[in-house]
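Take a look at the structure below.
The values are calculated or read from the model by the stated rules, or taken from the named source; none is laboratory data. Keep in mind that this is a model prediction, so the values were computed, not measured. Here the Cβ is made from the backbone with ideal geometry for all residues, glycine too, and neighbour counts use every protein chain on show. Note: areas computed on protein heavy atoms with side chains; ligands, DNA, RNA excluded. Shrake-Rupley method; radii C 1.70, N 1.55, O 1.52, S 1.80 Å.
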Amino acid sequence: MTTLTHRSRRSEPAVERLEEEEAGWGGYPPDDDERDSKDLRLTLMEEILLLGLKDKEGYTSFWNDCISSGLRGCILIELGLRGRIQLEPATLRKRRLLDRKVLFKSEAPTGDVLLDEALKHIKATEPPESVQSWIELLTGETWNPLKLHYQIRNVRERLAKNLVEKGILTTEKQNFLLFDMTTHPVTNTTEKQRLVKRVQDSLLERWVNDPHRMEQRMLALIMLAHASDVLENVLTPLTDEQYDTASTRSRTLLDCNPDVEGTKAQACEMIWAVMAAFSKA
């Protein structure tokens with residue numbers, strides 16, 4: 001599990017798209033920027049990758065070993081927010097979020113290949129698996145050879161291609177001594193800065209001091225950014241005072257007890273279950 005460091009000096013089917021726009025697309029407020037760029041609405045996976053990419057270099061930090069599992073957590077939360085999966089109901093024996101299994105809920109296509117691939121696995125799996133197990137299976141971190149086929153491969157590259165198609169990234173080849181590597185520098189810096197500012201504002205000007213009053217997707221994005229070790233990229237451009245405030249407030253969210261918060265009214269259990277999985281890791 002990563003920790004915050006201290007500063008040292010698409011198209012989707014028309015029906016579903018309409019439903020998501022009417023619902024604020026899983027929790028984002030329909031502000032002016034988003035009304036002007038609905039065609040650039042991104043999945044949580046795409047947002048996390050974009051936050052992790054170096055703008056000019058076009059790749060994530062070589063030292064970041066958390067983003068792979070973080071992106072799989074994005075998949076589960078995205079499917080939960082879109083009503084495709086859910087946790088099994090709590091019982092006296094299974095109250096903890098990590099003890100409850102992930103249940104298939106709807107097979108309606110999401111319009112995203114990665115999400116639909118994961119949903120297909122979840123639907124076909126019997127008996128069902130827990131959130132923590134699914135993060136490991138989708139990442140490929142299993143010693144069971146019979147479950148290796150659950151791994152979703154080349155996630156970062158596939159997400160980068162999605163962002164290229166949306167006009168946010170471009171594709172280049174860079175030479176690293178003995179090998180060439182495909183990179184994806186940011187070309188639409190306005191879109192990335194809009195994303196960064198939205199996260200910053202949620203921890204500063206729009207801070208509500210209650211995770212259940214935050215937009216669900218923003219709450220998920222902050223938690224996933226931390227789990228993927230990319231939240232620091234969002235906070236670094238802030239002034240020292242703003243940085244300290246935002247760091248303290250993000251820590252307030254991350255220190256919440258998922259099993260307690262997940263039982264509250266209006267809570268998205270999948271968000272808190274994924275947070276519980278990363279907290280335990």
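Each residue, Leu148 and Gln193, gets one label point 7 Å from its Cα in the Cβ direction; the gap between the two is 4.7 nm. For the chain, just say rounded, prolate or oblate: build the C-alpha gyration tensor, square-root its eigenvalues into a ≥ b ≥ c, call rounded for a/c under 1.5, and beyond that prolate if a/b exceeds b/c, oblate if not. Cα axes put the chain in the rounded bin. What is segment 142-281 by shape, rounded, prolate or oblate, if you read a ≥ b ≥ c off the alpha carbon gyration tensor as root eigenvalues and call it rounded for a/c under 1.5, prolate for a/b larger than b/c, and oblate otherwise? Taking the square roots of the gyration eigenvalues as a ≥ b ≥ c, segment 142-281 is oblate. Label sites at Glu88 and Phe62, each approximated as a point 7 angstrom past Cα along Cα to Cβ, lie 4.5 nm apart. Sorted on the mean count of surrounding Cβ atoms within 10 Å across their residues, most packed first, peptides 157-169, 130-142, 253-265 read 130-142, 157-169, 253-265. Return, ordered by residue number, the residues of segment 177-206 whose backbone nitrogen is under 13 Å from a label point located 7 Å along Cα→Cβ of Arg251. No residue qualifies, since no backbone N sits under 13 Å from the label point. Accessible surface computed residue by residue for the chain, with neighbouring protein chains in place and a 1.4 Å probe, gives 51 Å² per residue. Stokes-Einstein D for segment 81-178 at 4 °C, 1.567 mPa s, Kirkwood Rh over Cα pairs, in µm²/s? Estimated diffusion coefficient is 82 µm²/s.
Applying a threshold of 28 Å to the alpha-carbon distances of Lys161/Lys280; Lys161/Lys197; Lys192/Lys264; Lys54/Lys166 flags Lys161/Lys280; Lys192/Lys264 as lying beyond it.
From helices alone, the chain scores -14000 deg cm²/dmol at 222 nm; the rule is -39500 (n - 2.57) for each run of n ≥ 4 DSSP H residues, then divide by the residue total. With a/c under 1.5 counting as rounded, go ahead and sort segment 41-114 into rounded, prolate or oblate using the C-alpha gyration tensor (a ≥ b ≥ c being the square roots of the eigenvalues; past the cut-off, prolate if a/b is larger than b/c, else oblate). Oblate, because a/c is 1.5 or more while a/b does not exceed b/c. Between segment 81-138 and segment 248-281, how many Å separate their Cα centres? When both Cα centres are located, 17 Å separates them. In a simple Cβ point-charge model (Lys, Arg +1; Asp, Glu -1; nothing else charged), segment 38-196 has a dipole of about 560 debye relative to its Cα centre.
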